[in-house]
1. Collect the residues in region 66-84 that are over 15 Å from D129 (Cα atoms) and open to solvent by 60 Å² or more (accessible area, probe 1.4 Å), keeping them in residue-number order.
2. Look at V62 and say whether it is within 13 Å of the chain's Cα centre (by Cα), at pLDDT 95 or above and under 20 Å from E36 (Cα atoms).
3. Which one is nearest to G44 (Cα to Cα) among residues in region 119-142 that are part of a strand (DSSP E or B) and of a type in the set (A, V, I, L, M, F, W, C)?
Amino acid sequence: MKKMYVSVLVLTAVLWISACGSSTKGVINAENNKVEKKETLKAGEFYQYEIVLEDKMNSISVEGEWRVLDGGDRTAKVFVMDEENFLKFEKDEAYKTYYTSGEKITDNFKIRLVNKYKTAKTLYYLIIDNPSENDDKKVEFKLLMDYEWGEGTR
């Protein structure tokens, strides 16, 4: 009987902590709707940044800007893709993108990504690919994200 009482207390505590933690999950503020990063990519490597749409979000508009700051011919390739196509990209299989830069030094883009699964998270990926086999590259990117929530969620 004592073990059951302790189990119930532990379960109650876990549920209470989970509920407290999830109350701030849906809050989008200036700290997390703007991203500014600099990364160094080794020759032939890519960098991935996850764009997460929470379960009650309808969509997200993403304005992006990127540039190669230093390294070799200073060109990179940038893509935005969903999780399914990211897995194909990693395996060198044919994939589809929502944005493809081509091989450039810098570019801007604006896209709208839709939440495919209203009851679960939807993941998209920003990929910065260093196509050079010889040169490391330093890149920077900036994202400004505007989230659209479902009715009654905010």
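1. Within region 66-84, E83, E84 qualify.
2. no
3. The initial filter retains those residues of region 119-142 that are part of a strand (DSSP E or B), namely 122-129, 137-142.
Subset that is of a type in the set (A, V, I, L, M, F, W, C): 123, 126-128, 139, 141.
Working: L123: 24, L126: 17, I127: 13, I128: 11, V139: 14, F141: 19 Å.
Applying the filter and picking the extreme gives I128.
So that you can scan it fast, the table gives a plain yes or no per residue for (1) among the hydrophobic types (A, V, I, L, M, F, W, C); (2) more than 17 Å from M145 (Cα to Cα); (3) outside any loop (DSSP other than H, G, I, E, B):
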| position | (1), (2), (3) |
| --- | --- |
| N58 | no, no, yes |
| V68 | yes, yes, yes |
| N85 | no, yes, yes |
| F109 | yes, no, yes |
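The values are calculated or read from the model by the stated rules, or taken from the named source; none is laboratory data. Since this is a predicted model, take the numbers as computed values, not measurements. In case anyone asks, the SASA skips ligands and DNA or RNA and just uses the protein heavy atoms, side chains included. Shrake-Rupley method; radii C 1.70, N 1.55, O 1.52, S 1.80 Å.
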